[in-house]
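Here the structure is laid out as structure tokens; the discussion comes afterwards.
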Amino acid sequence: MESTNTRSQILDVAQDLIQRTGVNAMSYADISKAIGIRKASIHYYFPTKEDLLVDLLDRYNQQFCHLVDQILTSATSSEIKLNRYCDLFATTLSSGEQDKACLCGILSAELKTLNPPIVQRITEFYRFNESYLEQILQTGLETGEFAFAGNPQTMAKLIFSLMEGDLLVARAEGGVARIKATTQQMMALIRS
């Protein structure tokens, strides 16, 4: 097995396991079993679980930022951009058996057990998302697509928190249909 392929497989499996069960429930033994390699091979690439999480979060954040950048550059209206952004959460959930959460969201539930480099990457992910949402909302206000009380920065935090929280709840009840319904209601509120 090629070195970069093994490394990517380890990250893929770790991400899948964490998004489904959380970081404290995931072990190198789980990854080893899923890929069919020895735990020592995982330690070769990631000597500690923290090393694995740092690389995993860097990759996840980069991939998510890329998706959001594509939304911002491809869509013409703020409403379409915001809908596509919210669809990312539905896509995350539906990529599994209606059981996946945002990697940073699920890690936040276990924040007190994580070291500062991990927490820093989680908060950077949150800041990034809120910043992008703020841009979309500000433009939407300027073009008249949105008409909500309050300021774009606070509304961005509200929307991001709503989507992250709804993704967790939708895992237990309602699935993707719940996220779609929440998105529709949220869009109605910011248009009024």
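One table, with the values for the structure above:
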| item | result |
| --- | --- |
| Cα pair count fraction exceeding 27 Å, expressed as % - the chain | 33 |
| Computed FRET value (nearest 0.05) for residue 43 with residue 88, which takes r as the C-beta separation and R₀ as 25 Å | 0.15 |
| Sum of -39500 (n - 2.57) over DSSP H runs of 4+, divided by residues of the chain (222 nm, nearest 500) | -26000 deg cm²/dmol |
| The chain, relative contact order [Cα under 8 Å, separation at least 6], % | 24 |
| Under 14 Å, Cβ to Cβ, from residue 79 - net charge with Lys/Arg +1 and Asp/Glu -1 | 0 |
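Computed from the coordinates by the stated procedures, all read-outs in this text should not be read as laboratory data. Keep in mind that what you see is a predicted model, and the values were worked out from it rather than measured. Quick reminder, even Gly has a Cβ in these numbers, built from the backbone with ideal geometry, and neighbours come from all protein chains shown.
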